[in-house]
Amino acid sequence: MTLQMTSPIDRRAFPRIHAPLYSRPARMKVGDKKQVLDVSLGGARIYSDDPQDVGSRLDLELFLPDGSSVECEARIVWAIKLPKDAVARFEVGLSFIDVPEPILARLKTVLVADEG
């Protein structure tokens with residue numbers, strides 16, 4: 001497993017979603033949903049209790065503020081081990097891969113431009 005020990009440089013190329021959003025591995029109909037820390041049309045930042053290998057793929061289900069969900073595939077671009085008392089064991093940066101236009105359109109409905 002490859003872990004990055006410091007936060008990546010903020011290279012926001014897309015507007016962010018500013019609403020509570022949750023995720024879990026796709027096709028897991030049971031299990032805890034984790035709050036998404038940051039999400040855009042290009043990717044997301046999530047918490048994980050499982051180690052994630054940089055470069056590996058992850059099928060993700062995102063739960064939108066209206067109660068619906070979308071499934072998408074992402075690539076792990078960085079992972080940081082969090083302190084022992086944190087809400088999860090890892091913070092993980094994801095880059096979405098080949099997101100179908102209908103899913104992008106649904107994400108666009110909850111995007112707002114960054115402030116500042």
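The values are calculated or read from the model by the stated rules, or taken from the named source; none is laboratory data. These numbers were taken from a predicted model, which means no experiment stands behind them. Because the Cβ atoms are built from the backbone with ideal geometry, glycine has one as well, and the counts that use them run over all protein chains shown. These accessible areas exclude ligands, DNA and RNA; they are computed on the full protein's heavy atoms, side chains included. Shrake-Rupley method; radii C 1.70, N 1.55, O 1.52, S 1.80 Å.
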statement: Here the residues within the range 101-116 that are among the β-branched types (V, I, T) and modelled with pLDDT of 80 or more are I103
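Determine, yes or no, whether E73 is in a strand (DSSP E or B) and more than 18 Å from L37 (Cβ to Cβ). Show your work before the answer.
Values: in a strand (DSSP E or B): yes; more than 18 Å from L37 (Cβ to Cβ): yes.
So E73 passes the test.
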message: Restricting to the range 45-70, name every residue that is within 12 Å of L94 (Cα to Cα), open to solvent by less than 40 Å² (accessible area, probe 1.4 Å) and assigned to a strand (DSSP E or B).
response: I46, S48, L58, L60
- prompt: Hey, among I76, I97, which residue is touching a Lys or Arg at 6+ places or on another chain (Cβ under 7 Å), at pLDDT 85 or above and on the phi < 0 side of the Ramachandran plot?
  reply: I97
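Give me a count of the residues in the range 83-92 that are under 16 Å from the mean Cα position of the chain (by Cα) and open to solvent by less than 100 Å² (accessible area, probe 1.4 Å). Show your work before the answer.
Taking the range 83-92 first, the residues under 16 Å from the mean Cα position of the chain (by Cα) are 87-92.
Next, only the ones that are open to solvent by less than 100 Å² (accessible area, probe 1.4 Å) stay: 88, 90-92.
Looking only at that region, the number is 4.
If you check I17 against the conditions, is it under 13 Å from F96 (Cβ atoms), touching a strand residue (DSSP E or B) at 6+ places or on another chain (Cβ under 7 Å) and modelled with pLDDT under 70? Lay out the reasoning, then the answer.
Details: under 13 Å from F96 (Cβ atoms): yes; touching a strand residue (DSSP E or B) at 6+ places or on another chain (Cβ under 7 Å): yes; modelled with pLDDT under 70: yes.
When the stated conditions are applied, I17 passes them.
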